[in-house]
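**Student:** Once you've had a glance at the structure underneath, I'll fire off some questions.
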Amino acid sequence: MHLVKATARPQDARIGWPAPDAAPVIFRRIVRMDALDSTSKEFRDAMTSTPPADRAMLDAILPVLERIAAALERSAPAAKPALDLNSADAFLWGSDRRLIPVPKVNRVEIDLLTGIDRARDILVDNTTRFAKGLPANNALLWGARGMGKSSLVKAAHTRINAERAEGELPMKLVEIHREDIEALPDLMATLRGDAHRWIVFCDDLSFDGDDTSYKSLKTALDGGIEGRPDNVLFYATSNRRHLLAREMVENERSTAINPGEAVEEKVSLSDRFGLWLGFHKCSQDEYLAMIRAYVERHGLKADPDTVRAEALEWATTRGSRSGRTAFQFIQDLAGRLGQRLD
């Protein structure tokens, strides 16, 4: 093996780079100083004892080394600590593809969800069977805005955990955001084999334009060659019964060799959900029943006739009657009465 001795080049001197013969000395000095605290007396002494020429070389080299070290840390970050799944009953699947505990979930008591009795009973029964290790279906809750679709999912999870037998593991709820749906297969793989049973929940799920992430959803719900994990169930809410927008289907139909395949694609995604639970706009009587339930639950002290008139006016000015509209009125009423909503 032949070693070629490095020789100094004119450009090295121009940029202040150390000559090859001086480099070993400089780098030994860097290594020695790197081990010192920059605020320590030893570090100050080392800097003082460094010849001016070497100090200039250090000043030129250190920023480059710092950038290299920062790049290495970014490319090989420190290992994340193991997550304690007992730290919470609900989690978020973050954009960095890890579970984030949610200590306090924004929930509504299931008894306050009026006007959706049939959907409530079906979803609670399906979730109860899943919690017991029995067969259960993925569920799509679709329909009118503000009628309690996402509230029902969270309330059912809470109800079933409250009724579990002593010693049984709690069921877990994890929400994945619509924009992260492409990471759903990774989430399923993370949960596979865990001792807990998991409901994966996606709120306001739909697909528009050229979005192809729905294919990740189809793959995750089917589970591929491994099948869907036995301990995972998927619940989604949407304003649409068919998750693909009409224009997406029309665009695919116009370019497909067989136009019927585009329609099949639209239907096949919803077919992955064994339960379709429809939510429709509530009647005036159902809306007022929601108001009365909230007033009673929170102990609001107000004249019933006045509350009724104000609640109807509130709905009229907003152009809709829904559970969300009812709760917004209750928040306004409680604020005017100077009472807190526990």
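Only the coordinates and a few stated rules stand behind these numbers; no lab work does. Because the structure is predicted, anything quoted here is derived from the model rather than measured. Ideal geometry is used to build each Cβ from the backbone, glycine not excepted, and the neighbour counts take in all protein chains shown.
**Student:** Plugging the Kirkwood radius over Cα pairs into Stokes-Einstein for segment 284-337, at a temperature of 20 °C and a viscosity of 1.002 mPa s, what D comes out in µm²/s?
**Tutor:** 198
**Student:** Sort MET171, MET147 by Cβ crowding within 10 Å, fewest neighbours at the top.
**Tutor:** Starting with the residue having the fewest Cβ neighbours, the order is MET171, MET147.
**Student:** If you add up the charges near ALA189, with Lys and Arg at +1 and Asp and Glu at -1, over every other residue whose beta carbon is less than 12 angstrom from its beta carbon, what do you get?
**Tutor:** Summing Lys and Arg as +1 and Asp and Glu as -1 gives 0.
**Student:** Follow-up. With an 8 Å cut-off on Cα pairs and a minimum separation of 6 or more residues, tell me the relative contact order of segment 284-337 in percent.
**Tutor:** Here the relative contact order equals 50 percent.
**Student:** How much net charge surrounds ALA293 when only other residues with a Cβ under 10 Å from its Cβ are counted (Lys, Arg +1; Asp, Glu -1)?
**Tutor:** Around ALA293, the charge tally is -1.
**Student:** Follow-up. In what sequence do VAL232, VAL64 fall when counting other Cβ within 10 Å, fewest first?
**Tutor:** Ascending Cβ contact count within 10 Å gives the list VAL64, VAL232.
**Student:** State the Cα centre-to-centre distance between segment 263-342 and segment 99-171 in whole Å.
**Tutor:** Using only Cα atoms, the two centres lie 18 Å from each other.
**Student:** If you don't mind, another one. Please find the FRET efficiency linking ARG308 to ILE122, where r is the Cβ-Cβ separation and R0 is fixed at 25 Å, and quote it to the nearest 0.05.
**Tutor:** Calculated transfer efficiency: 0.20.
**Student:** Suppose each label sits 7 Å from its Cα in the direction of the beta carbon; what would the ARG297-GLU226 distance come out to in nanometres?
**Tutor:** Taking the two extended label points, one gets 3.9 nm.
**Student:** Taking the Cα of THR316, stepping 7 Å toward and past its beta carbon, and measuring to each backbone N in segment 273-292: which are under 20 Å?
**Tutor:** Label zone hits: 282-292.
**Student:** So if R0 is 41 Å, what FRET efficiency would ARG129 and ARG340 give, r being the distance between their Cβ atoms, rounded to the nearest 0.05?
**Tutor:** 0.60
**Student:** Give me VAL307, VAL153 sorted ascending by neighbouring Cβ count inside 10 Å, so fewest comes first.
**Tutor:** VAL307, VAL153
**Student:** Also: Counting other Cβ atoms within 10 Å of each Cβ, which GluC sites (Glu not before Pro) in segment 94-194 have at most 12 and sit in a DSSP loop?
**Tutor:** GLU109, GLU163, GLU166, GLU168
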